[in-house]
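A short worksheet on the structure shown next.
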Amino acid sequence: MNRFQSVRGFNDILPPDTALWQHLHAVAARTFAAYGYGEIRLPLLEHTALFARSIGEVTDIVEKEMFTFQDREGDSLTLRPEGTASTVRAGLEHGLLHNQQQRLWYAGPMFRHERPQAGRYRQFHQLGAEAYGMAGPDIDVEIIALSARLMRNLGIGGLKLELNSLGSAAARAAYRAALVAFLERHAASLDADSQRRLHTNPLRVLDSKSPQTQAILRDAPTLLDALDAESRAHFEALQQGLSDLGIAYTLNPRLVRGLDYYGRTVFEWTTDRLGAQGTVCAGGRYDGLVEQLGGSPTPAVGWASGVERLLLLMKAQGIAAPDSAVHAYVCTLGEAAQRAAVRLAEQLRDRFPALRLIVNAGGGKLAAQLKRADRSGARLALILGDDEVAAGGVQVKSLRAGTAGPTESPSGQQETLPWTELPRRLAGLLDA
Ligand code: ATP
Ligand code: MG
């Protein structure tokens, strides 16, 4: 029989990789807490209309990337492709947004039907932050500073912060008209995607990856020239706030986002180390979305970061998870020893909650058990035979040089300790 394989673009995440994932999530939770953001957990499935209405009918995500299906009742449901629409939906549903301020974060899988490649998957994971009820540039500064601190806390360096302002809806409409007029004069030379977007979503043409289109765009009118006075003041205050905090940025007048709900501030953290998948965090202001989804007008700003891309960068930069290997592996010889070992291990786990301990299961000769102990990554093997049990002792064998505890002992060194000495010995291991 053919064996099953995972669905294309849907990946298993295995140990020891999961240790780095856990580390990233622990650092992220700590960083969000440092700014008073509360975690929101959202369902993976939503009504399709939520995304069509918020992200926009003519965006790539809604046009061709969503996993959409009919359930047994005939309702059209979609695996969430991003977290912002669901956050607003939940905020409205539970009365979190009306006349108040909210700082929220989320983490979890998102789904987009894209061509899988390094840094681009069909199930991928995002960390995101969203702030509601604050209209001024101060919260834009805060939420960007939070993303900067997250990168720093993860140890990721060499990222570039790119900034732009999309202006007010009116300024954007005027700019859109000017851009379309310009692009129409060059329509024949644009790449096929851009020709298609010229009338459906012309701002997205700015984002084209085609070198020929980019060459044409060099002479195009820019959004920054079209900014309304209020958006300009907001944008300047944001830049001042970032400078005050020593956060470097580059202005990129071509930066647009693939989601329709953004206005004014947009930003991306980018790297040149991940090829075409170089954006590791992206976000901006979306003051119109809450009202568009049925709430009262509520200013909002947020970002989302791709976890797989952060992890790829961390690996490329040699950043490892804190050691998560087991500390000790208990080998047993004989039935009485096995029972005693299980009891002893439980006592040790009671006493040292951070201790990572494996008790051999499934029997085997001592040599075979020691091989398992070595493969587990344990630093110590604790060997219990019926003789040791009778005498209340345990043999302690160091499996890795220099990691056996307070006294550096070469790998292979072995000694017999009374059980009463064991806690002291293991405590030394935990400190190391
Ligand atoms: P891209 O231009 O790379 O397709 P996007 O503009 O579609 O990105 P957003 O919707 O802004 O991305 O999502 C925020 C972040 O989520 C991205 O910057 C990226 O780090 C990550 N991301 C988006 N799509 C994927 C994917 N298919 N696989 C892995 N990570 C992704
Ligand atoms: Mg995309």
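The values are calculated or read from the model by the stated rules, or taken from the named source; none is laboratory data. Note that the structure is predicted; figures quoted are calculated from it, not measured. We place every Cβ from the backbone using ideal geometry, glycine too, and count neighbours over all the protein chains shown. Ligands, DNA and RNA are excluded from the accessible area calculation, which covers all protein heavy atoms including side chains. Shrake-Rupley method; radii C 1.70, N 1.55, O 1.52, S 1.80 Å.
The table below gives the values:
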{"quantity": "FRET efficiency, Ala248 to Gln413 (Cβ-Cβ, R0 41 Å, nearest 0.05)", "calculated": "0.20"}
{"quantity": "Solvent-accessible area per residue, Å², over the chain with all protein chains present [probe radius 1.4 Å]", "calculated": "48 Å²"}
{"quantity": "For the chain: relative contact order, % (alpha-carbon pairs under 8 angstrom, 6 or more apart)", "calculated": "14 percent"}
{"quantity": "Region 100-239: C-alpha gyration tensor shape, a/c 1.5 cut-off, then a/b vs b/c", "calculated": "oblate"}
{"quantity": "Cα gyration tensor shape of region 328-431, rounded if a/c is under 1.5, else prolate or oblate by comparing a/b with b/c", "calculated": "rounded"}
{"quantity": "Most to least packed among 37-43, 116-122 [average Cβ atoms within 10 Å]", "calculated": "116-122, 37-43"}
{"quantity": "222 nm mean residue ellipticity, helices alone, for the chain (DSSP H n ≥ 4; -39,500 (n - 2.57); rounded to 500)", "calculated": "-11500 deg cm²/dmol"}
{"quantity": "Gain upon complete extension [Leu430, Arg273; 0.36 nm per residue less C-alpha separation]", "calculated": "52.9 nm"}
{"quantity": "Value of Rg to Rh for region 1-100 (Rh from inverse mean 1/r over Cα pairs, i.e. Kirkwood)", "calculated": "1.05"}
{"quantity": "Among the listed pairs Lys315/Lys397; Lys365/Lys397; Lys64/Lys160; Lys160/Lys209, those beyond 23 Å (Cα-Cα)", "calculated": "Lys315/Lys397; Lys64/Lys160"}
{"quantity": "Two-site label geometry, Arg218 and Ala192: point separation in nm, points 7 Å out along Cα→Cβ", "calculated": "2.7 nm"}
{"quantity": "Residue-count net charge about Tyr121 - beta-carbon cut-off 15 Å; Lys, Arg +1, Asp, Glu -1", "calculated": "+1"}
{"quantity": "HN-Hα J in Hz across region 350-358 - Karplus 6.51, -1.76, 1.60, θ = phi - 60°, x for Gly and Pro", "calculated": "4, 6, 10, x, 8, 6, 10, 9, 10"}
{"quantity": "Of all accessible heavy-atom area on the chain, the percent that carbon and sulfur account for (1.4 Å)", "calculated": "51 percent"}
{"quantity": "Fully extended contour minus Cα-Cα distance, from Lys365 to Ala33, at 0.36 nm per residue", "calculated": "114.6 nm"}
{"quantity": "Shape category assigned to region 285-339 from the gyration tensor of Cα positions, a/c cut at 1.5", "calculated": "oblate"}
{"quantity": "Whole-percent pair-distance distribution, where bins are 20 Å wide, for the alpha carbons of the chain", "calculated": "22, 43, 24, 11, 1"}
{"quantity": "Projected-area average for region 255-366 over all orientations - Cα convex hull basis, square nanometres", "calculated": "13.8 nm²"}
{"quantity": "Length-normalised contact order of region 224-354 in % [C-alpha pairs under 8 Å, at least 6 apart]", "calculated": "13 percent"}
{"quantity": "Region 149-164 - phi-based ³J(HN,Hα) in whole Hz, Karplus 6.51/-1.76/1.60, Gly and Pro as x", "calculated": "5, 4, 4, 5, 4, 7, x, 7, x, x, 8, 10, 9, 10, 10, 7"}
{"quantity": "Stretchable slack from Ala26 to Asp323, in nm (0.36 nm times residue separation minus alpha-carbon distance)", "calculated": "105.5 nm"}
{"quantity": "Dipole magnitude of region 328-431 about its Cα centre (Cβ charges: Lys, Arg +1; Asp, Glu -1), debye to nearest 20", "calculated": "380 debye"}
{"quantity": "Under 14 Å from the Lys315 label point (7 Å along Cα→beta-carbon), backbone N, region 103-120", "calculated": "117-120"}
{"quantity": "Percent of alpha-carbon pairs separated by more than 18 Å within region 74-133", "calculated": "46 percent"}
